[in-house]
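These notes are about the structure you will find just below.
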Amino acid sequence: MDHSFLIKPILDDTYPVIDYGIGIYLFDMDGKRYLDAASGAVTANIGHGVTEIIEAMNEQAKKVSFVYRSQFTSEAAENLAKKIANMLSGDLNWCFFVNSGSEATETAMKMAIQYWQEKGVQTKTKVLSRWVSYHGITLGALSMSGHTGRRARFVPLLEDFPVINPPYCYRCPYNLEAPNCGYLCAHELETAVKRIGAEQIAAFIAEPVIGAAGGAIAPPKDYYKVIKKICEDYDILFIADEVMTGCGRTGTMLASEQWGINPDIVALGKGMGAGYAPIAAAVATEKVIEPIMAGTKVVMSGHTLSANPQACATALAVLEYLEQNNIIQEVESKGAYLRAQLEGLKPLFTFIGDIRGKGLLLGIEFVQQVESKTPYPRNAQITQRIVALAKEKGLLVYPAGAGIDGINGDSIIISPPLTITQKEMEELVHLLKETFEDFSNQLNVGEGVM
C-alpha cells in the first residue's frame, strides 16, 4: 500500500486491510480469515453482511439519507423511537438520537442537569460516577469516566466526577465477599453524597457491566438495588450507560433488567446499529421529560447528524432482526455455554486470574500469580501481547483495563456476535487456547515480564 495519510490507533503500525465480512468472520485483502470474538468493539451484535440490514439501508438511501432535525422529522426516526420505547422496560419512552456512545452519555448528563433546572433547582450540576469506568472520549463523557489511563492527558480540563470504588469483587477494596460484605462499595455513594451535598448532585452514572476500563466486571446480586435506593433517597437521577451492554448483549434488552432496576436515563449505542451505521441514543423516562415539556420544551443538545434517517432506518432494521429471530432470548444460554468453556481453560494456564461477565459480555483478567492476584507491571504490556498473538491466529479479542487502581492490570473481553453458534464458540475457544499456549511459551523462555 502507498503511504497512508490515515491517523490510525498507532500511527506507524501496519494494519491488515479488511475486504469483507460474513457472519462472525472478517476477511482481509490477503484472504486471511478472522473470527470476530469481540464484535469489533462489542458492536457487531448480529454479525457482518446480514442481507436484511443491507436491504433496509438501500431502501432508505433511495428515499433520503439526510435531513436536519430542526427542519424535519422522518418516518425512520419516528419508527425507531417507537420501537425503542416498546422494547425498553419502565417508561423509558423519549429518544434523543446521536452518533456515538460518547455523545449519548454526554447528552444523558445534559438532560439530567436540565431536568433539575426546569424544576427550578439550579445547584444540581454535578454527575457522580465510579473509578474503573468508561463513558466516552469527549470531554464531558471523559469527565464522568474513571478510566485512569484515558483521563491522564486531559485531567486539567476534566471535572472530578468519579468518586467511588467499582463493584469489583475479584479485587474487593474491603477484602470481603458478597453478600456478606453488606455492599460497602455501593454504600460509598451515600458517603460521597453527604460529603458533596445532595443539593449539588444531578445524577449518578454507571455501566451495568463495566467494559473497557475493567474487562466485563459484573456486580453482585443486590448491588444496584442499594445504588438505586441511595439515588432515590437523596433525589438524584440514575443514568445507566448501556452503550456496551444494551440491545441484548447480556440476555435482556437492557442489562439493568438483570438486576431489577429502572434507570431514569439510559445511553444506548454500539449494538443499537450493530456497526452498520453510526448511531446512539439517550433515552429518558416520562419523569425526566415532564418538567422540560412543561418548561422550555427544548432538550439543549444536538448534532448535525442527530436522528439521521439513514442511520435510524438501519438501527430499526437491526432491532427488528433481533426480535424476528429471537436472538436476545438465546443469549443467556449461549453465554453460559461459552463461559463454561472459558472456565475450562483456567486450570491449564497459570496467568488466568478471573473469568467474569454476563451473557455474551465476558472478561478474562491476567495475573502473575493466581493466589495473590498479583498483576503484571504496566510496561510488560500483557494485554497488547495477548491481543496480538490472538490476531495472528485469526482471532479478534477486545483489550480492556483491569486493576483497582486502573493502571496495573490486564484483561480482554470476549464478546462475539449474539448470533454465534455452538460450533463457532468451540472454534473461538480452540483459537483462544492456542493463543494462551503461545503466550505461555513466551513466558517460559524468559520473554515474560519486563
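The values are calculated or read from the model by the stated rules, or taken from the named source; none is laboratory data. Computed from a prediction, not measured in an experiment: that's the story for all the values here. Quick reminder, even Gly has a Cβ in these numbers, built from the backbone with ideal geometry, and neighbours come from all protein chains shown. All accessible areas refer to the heavy atoms of the entire protein, side chains included, with ligands and DNA or RNA removed. Shrake-Rupley method; radii C 1.70, N 1.55, O 1.52, S 1.80 Å.
Observations on the structure shown:
- Low-density loop cleavage sites - trypsin sites (Lys or Arg not before Pro) in region 172-243, where at most 13 other Cβ are within 10 Å (DSSP): 221
- Counting DSSP beta bridges with both ends in the chain, the antiparallel % (nearest 5): 70
- Where labels lie 7 Å past Cα in the beta-carbon direction, separation of residue 6 and residue 75 in nm: 3.5
- Overall, the accessible surface of region 298-450 at a probe of 1.4 angstrom is composed of carbon and sulfur to the extent of 51 percent.
- Cut-off under 5 Å, modelled amide H: who pairs with residue 213 long-range: 134, 401
- Three-way shape label, the chain, alpha-carbon gyration tensor, a/c 1.5: oblate
- Measuring r between the beta carbons of residue 298 and residue 388 and using R0 = 51 Å, the FRET efficiency lands at 0.60.
- Rolled with a 1.4 Å probe across the full set of protein chains, the surface gives residue 177 an accessible area near 140 Å².
- Listed residue pairs exceeding 25 Å between alpha carbons, taken from 83/126; 270/433; 110/297: 83/126; 270/433
- Region 149-214 - accessible surface per residue (Å², probe 1.4 Å): 48
- Length-normalised contact order for the chain - Cα pairs under 8 Å, 6+ apart - percent: 22
- Here is what passes the span test in the chain: the DSSP H helices with alpha carbon length of 30 Å or more along the helix axis and a Kyte-Doolittle mean of -1.0 or above are 422-444.
- Accessible surface, per residue, of region 368-444 when the full set of protein chains is kept, probe 1.4 Å, Å²: 42
- Of the residues 29, 293, ranked by 1.4 Å probe accessible area with the largest first, the sequence reads 29, 293.
- Carbon plus sulfur fraction of accessible area for region 13-87, probe 1.4 Å, in percent: 52
- For region 233-341: rounded, prolate or oblate by the Cα gyration tensor [a/c cutoff 1.5]: oblate
- Within the chain, longest stretch clear of exposed chymotrypsin sites (Phe, Trp or Tyr not before Pro) (DSSP loop, no more than 13 other Cβ within 10 Å): 175-450
- Solvent exposure of region 12-65 as accessible area per residue, Å², 1.4 Å probe: 54
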